[in-house]
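Each remark here refers to the structure printed beneath this line.
Values quoted throughout were computed directly from the atomic coordinates according to the rules given, and no laboratory measurement underlies them. For clarity, every value in this text was computed on a predicted model and none was experimentally measured. Neighbour counts are summed over all protein chains in view; Cβ atoms, including those assigned to glycine, are modelled from backbone coordinates with ideal geometry.
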Amino acid sequence: MMSVLAVMAAVTQTATAGPLLGLDNALPPIVEDSTRPGQCTIAYLIEDISTNDTFAVRMQIAPAPNATPAGGRMPCPSRVPPRVGARALDVCMSRAGDRASCVFADMARGFEGTPKVLNTAENGSRCSSDQAAFIAMACWRSGGMDVCNVGCGQDPAGAIHEARTRCESKHQTVCDAIAAEPVMAP
């Protein structure tokens, strides 16, 4: 009840103080150059193996001051620090009932027997915007758990093909559960 009163007091105070923005301004308060390439985006696919929920986690990395776009895309770092992958796992862990059930979505052969994050690949679970436009996963079901692999591509079909090929080659079974997402936020 106390927080509601504080919010109401803040709203009342703001309402009586006058407009915060000039409503007659024809320009939005923030203008971005739409012709400039977007920052490097790294997308991870993270899986909660207890619920089979998949998280697409995107992170933007500011380019170096002297970076120049190639092919309409800003370059991403050639080496991604391990803490970036750890932050991607944190997104799943903050929502999961069991933090240990959060793993990278690119899983090793035999993962179904030992389902732990150590049997997944951080670098195989990510795609960068300078190399791919889409990230995809292909999975097969072992009992009640999805066992997956990740692929990158310039379009959804290409990313799905890469993910399916990787999954079927690694696990020696048909991987038919598939999905693709843009690397950069829609």
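Close amide H pairs (under 5 Å, H built 1.01 Å from N) link Ser142 with Val147, residues at least 5 positions away or on another chain. Note on Thr114 and Ala62: with the Förster distance fixed at 35 Å, the Cβ-Cβ geometry gives a FRET efficiency of about 0.40. Taking Lys and Arg as +1 and Asp and Glu as -1, the other residues whose beta-carbon sits under 12 Å from that of Asp146 total -4. Taking amide H as placed 1.01 Å from N in the peptide plane, the amide H of Asp130 sits under 5 Å from that of Thr41, Cys76, each at least 5 places away or on another chain.
Model label points for Met93 and Val174, set 7 angstrom from Cα along the Cα-to-Cβ axis, are 3.8 nm apart. For the stretch 98-112, 3J(HN,Hα) computed residue by residue from phi via the Karplus equation (6.51, -1.76, 1.60; θ = phi - 60°) reads 10, 4, 5, 7, 8, 9, 5, 6, 9, 9, 6, 4, x, 3, 4 Hz, glycine and proline entered as x.
Using Cβ counts within 10 Å as a stand-in for footprinting exposure, how do Leu118, Leu89 rank, fewest first? Mind dumping the intermediate values first?
Numbers: Leu118 7, Leu89 22.
Ascending Cβ contact count within 10 Å gives the list Leu118, Leu89.
With θ taken as phi - 60° and the Karplus curve 6.51 cos²θ - 1.76 cosθ + 1.60 applied, the whole-hertz 3J(HN,Hα) list for the stretch 140-152 is 10, 9, 10, x, x, 10, 7, 10, 10, 9, 10, x, 10 Hz, x standing for glycine and proline. Here is the list for the stretch 54-112: trypsin sites (Lys or Arg not before Pro) lying in DSSP coil, each with at most 16 other C-beta atoms within 10 angstrom of its C-beta, are Arg79, Arg95, Arg109.
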